Structure formats: C-alpha cells, structure tokens
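Enquirer: Quick one: this structure, given as structure tokens, is what I'll be asking you about.
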Amino acid sequence: MRRRTALGVLLAAPAISSPWAQARPKVVVVGGGFAGATAARTLQAEGVAVTLVEASAGYVACPFSNEVIAGMREMSAQRFGYDGLRRAGIAVVQQRAVALEERAVRLADGSALPFDRAVLAPGVDLNWAALPGYSEAAAERMPHAWKAGPQTLLLRDQLRAMPDGGLVVISVPANPYRCPPGPYERASLVAHYLKTQKPRSKLLVLDAKDQFSKQRLFEQAWAALYPNLEYVPLSAGGRVVAVDAATLTFKTEFGDHEAAVGNVIPPQMAGEIARIAGVADRSGWCPVDPVSFESRLRPGVHVVGDACIGGAMPKSAFAANAQARACAQVVAGLLRGEAPVPTKLLNTCYSLVAPEYAISIAGVYQPANGLLADVPGAGGISPLDADAAFRAQEAHYAEAWYATITHDVFG
C-alpha cells in the first residue's frame, strides 16, 4: 500500500521543469579513439543522448603497433570497429567534423548535429611545417608510423626489404608528443628485429632532447641486449634540423646521416577540429580546466586525450581513457546542474623492449594551480634490479591491459 501511495503521489505531482526531465540532454563527441569512445560510453551510461562523430569506419590502435613494425604482431590485432558502441545505444556517425558552431557540430556533408555540450577527442595531427624537408609526400619514403595504419605497415615492409648491413635511423622530436616512451620502445623492438633477422645492420636514434621517460631502464636494456643500437641525445648533436627524403638523409647541426630506412617521428599538435574550433592555443595544444576538461578558450566544449594540455599527465591511451571517464562524468553532472568535483587520475605506461621483457611507469595526478600535477609520493617505476621473471610478468601485464582496455572501449 505504501508503494502504491508513493506512486500515486508521483503521478499526481506536477511535471519537473528541468531540462534533464523534459528531454535527455545531447552531447556530441568528436573522435573515436580511446578518449572519444570512452567518453561516449560513459555519457551513455549517465543517461545522456550521445552521438559519436568519427570519419573512419574503424579505429587502428597505436599501443602495441611497434610490435607490428618489428614483425612480432599482426596488424589485425590493432583494428577495432564501432559496432560495440552502437549496441550500447550510441549513435555513431561516420563523417568528418568540419566546424564547431555555437551549439552544433557541422559535418562534411553539410548537416549539423545540435548539442548541449561537446567533447572533442581529436588526438594528434603531425605538424608538417615544423621540420624542413618533411611532408606527407616525404612520409611515403621516410614513414612516421606515428598514426597506426598504412604507415605502420610501410615501415615494417621497408625493414623487411632492407639488405642486411643497412643503417636504420629514427628521429625523435622534442616534447610534447603522443606517447613519450613510444620512440624508445620502437627503437628497442627495431633493434631486436635487426639483431635476430639482419645482424649486420645498425640502428641510430637521433633525439631532440637529453632526457626521456624510463630512460635508465631503456639504457640498461640497450646495453645488455642491443650493441647494434647507438643513441645520440640533443647535447651530442641528436636534434634533426631537416631531412631529405630523396636521399633518406637526416641533417643535424653536427653532420648528416644517410639511412637505408628512415623513420621520422615529427613534431605534433592537436587534431584539426580542435584548431578549427578555436580550442587550441598558439602552442598547438588545448588548454583545459583540469577538473572538468572544459576548454579555457571556448565554454561548453571539453577536450580530452592527446589533444589537451594535461600538465604532468602524459599523452597516452591509458591517460586518454582516464581523462574521458572523468570528463564525461563531469559533463553529465553539469547537465544535471551539479558542480564539478575534483578527482585523481591514474596513468600506467608499459613499454616492451624485447619479447618477454617489459618495463613500466605509473603516475597519479590531481588538479593543482590550473593544471594536472603529480600526486607526491604516488606512482612508481619498474626497478632497475628486476630479474627476468619480473620483466616477463610486466610483459604479460601489458598484454592483459591492452586486451582489457580495448574490450571495455570498443567491445
């Protein structure tokens, strides 16, 4: 009787006039990578009507793509579709977003998707103007392979076709860029490929900086495993100032290096829609509030993942996933009239340096002074004195993480 009475009171009560009660609020998410797909799933779970805009029919994951380059993994393991998101009730629109209007995303076909709030997760674009001699045409001879897909396979195939005894050169840009330890994992796995398949070949790594993530761990592994790898930091002339794609030449302030296979990892910036929408500043990246991930340049628009300025939090798939969850929960709360609540975010990054040999670093981040800052005393890094069993276990953890995150995001 009490339940029936309560239901009768509710039925007799006047309609609630909040926007949430009148109609489900609409959020448009632009970008279907780890950040965008996670944001869409979280918003859907929060009761928001979500549309995901993505120009591609599927997603090709960058984590573990270095294994594809080294011939240790099939490309099929990197490919994911969006049927799982559709089954979850998310509208997926395969279109390119070309503009962000006052309250709508304009698509390439001329149509528009209205929104109450928007979440941009455009990832990175390569800054073709930043390195003299490097261009989209040059990348067909000196691949970047920093966006997984055809470029990944191109670099793999070039390594396979290279005669034994050839020189492979990898150039690494200054910070910031997607996946800070990624170039050094790539160097490790390419060195492993050369050691096992083309033992007379050498690898030269030219770096535009002197310090990098997990440096002591990488250098320890290189010293033990890869005498065929030479690393040249900024202070020793490692910064590449120009390239010549016709001759596969890397030009530095200290001399030139002609490669048999050249891998140029160029400077990067936020994806195009972020720049079109006016949420990227002169740095090329997107300043955001560290609690809500709302753009500091455009209210009502949130930016997550590699495109945003994350302070101490690196640009990684794990970070993108964590940021997207936090942002989506805040966006749903804002649409309900709730104030954002600060939270702590976690990032863990695994790097494979050889089969059954991985290293990792973890960090915890919180809003502080307008950015995401390290939580003092939190996080950690693989020990230098770990044994082979420990390194193998971390490799298995890395595989488990990848299987879990891709299932949760795209499955």
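Enquirer: How many angstrom lie between the Cα centre of the stretch 62-87 and the Cα centre of the stretch 337-369?
Expert: Result: 22 Å between the Cα centres.
Enquirer: Another one. What net charge is computed for the residues neighbouring residue 399, neighbours being all others with C-beta under 13 Å from the C-beta of residue 399, Lys and Arg scored +1, Asp and Glu -1?
Expert: So the surrounding residues net to -2.
Enquirer: Sequence neighbours fewer than 8 away in the same chain don't count; with that in mind, list the aspartates and glutamates whose C-alpha is under 14 Å from residue 202.
Expert: 164, 230, 258
Enquirer: Okay, next question. How would the stretch 138-266 be classified by its alpha-carbon gyration tensor: rounded, prolate or oblate, with rounded meaning a/c under 1.5 and the a/b versus b/c comparison settling the rest?
Expert: rounded
Enquirer: Next question. If you restrict to DSSP beta bridges whose two residues both lie in the stretch 97-212, what percentage is antiparallel, to the nearest 5?
Expert: Antiparallel: roughly 50 percent of the beta bridges in the stretch 97-212.
Enquirer: Using only the alpha-carbon atoms, what does the stretch 27-102 span along each of its principal axes? Please give whole angstrom values in decreasing order.
Expert: 45, 27, 16
Enquirer: Something else now. Fully extended, how many nm does the chain gain between residue 197 and residue 356 (0.36 nm per residue separation, minus their Cα-Cα distance)?
Expert: Answer, rounded to one decimal: 55.4 nm.
Enquirer: Let me ask another. Quick check on the chain: helices-only [θ] at 222 nm, where DSSP H runs of length 4 and up contribute -39,500 (n - 2.57) each and the sum goes over total residues. Nearest 500, please.
Expert: The helix-only estimate for the chain comes to -9000 deg cm²/dmol at 222 nm.
Enquirer: Something else about it: With labels modelled as points extended 7 Å from the Cα through the Cβ direction, what inter-label distance (nm, one decimal) is found for residue 161 paired with residue 56?
Expert: 2.3 nm
Enquirer: Test of understanding: extend the Cα→C-beta vector of residue 373 to 7 Å, then name every residue of the stretch 262-306 with backbone N under 18 Å from that spot.
Expert: It comes to 288-293, nothing else.
Enquirer: Applying 1/(1 + (r/R0)^6) with R0 = 41 Å to the Cβ-Cβ distance of residue 136 and residue 104, what FRET efficiency is obtained, to the nearest 0.05?
Expert: Numbers: r = 30 Å, r/R0 = 0.74.
So, using R0 = 41 Å, E works out to roughly 0.85.
Enquirer: List every residue whose amide H lies under 5 Å from the amide H of residue 98, counting only residues 5 or more places away in sequence or on a different chain, with H placed 1.01 Å from N in the peptide plane.
Expert: Distant-sequence amide H within range of residue 98: 106, 107, 108.
Enquirer: If r is the Cβ-Cβ distance from residue 24 to residue 174 and R0 is 45 Å, what FRET efficiency results, to the nearest 0.05?
Expert: 0.50
Enquirer: How many nm is it between the label spots at residue 45 and residue 216, if each spot is 7 Å from the Cα in line with the beta carbon?
Expert: Computed distance between label sites residue 45 and residue 216 equals 3.7 nm.
Enquirer: Further question on the same structure: How do the peptides 248-259, 168-179 rank, highest first, by the average count of neighbouring beta carbon atoms within 10 Å per residue? Spell out each step's value before the answer.
Expert: Details: 248-259: 16.4, 168-179: 22.2.
Result, highest mean Cβ count within 10 Å first: 168-179, 248-259.
Enquirer: For a quick protection proxy, order the peptides 319-328, 285-294 by their average other-Cβ count within 10 Å, most packed first.
Expert: 319-328, 285-294
Enquirer: Modelled label-to-label distance, residue 281 and residue 79, 7 Å Cα→beta-carbon offset: nm?
Expert: 4.1 nm
Enquirer: Now, a different point. Aspartates and glutamates near residue 209 by alpha-carbon distance under 14 Å, same-chain residues fewer than 8 away left out - which ones?
Expert: Within the straight-line cut-off, residue 209 pairs with 253.
Enquirer: Here's a follow-up. As an exercise, use a Förster radius of 41 Å and the Cβ-Cβ distance of residue 72 and residue 112 to find the FRET efficiency, rounded to the nearest 0.05.
Expert: Efficiency for this residue pair is about 0.35.
Bear in mind that the values in this text are calculations on the coordinates, not laboratory data. As the structure is a computational prediction, the values presented were derived from the model and not from experiment. For neighbour counting, all protein chains shown are included, and Cβ atoms are generated from backbone atoms with ideal geometry for every residue, glycine included.
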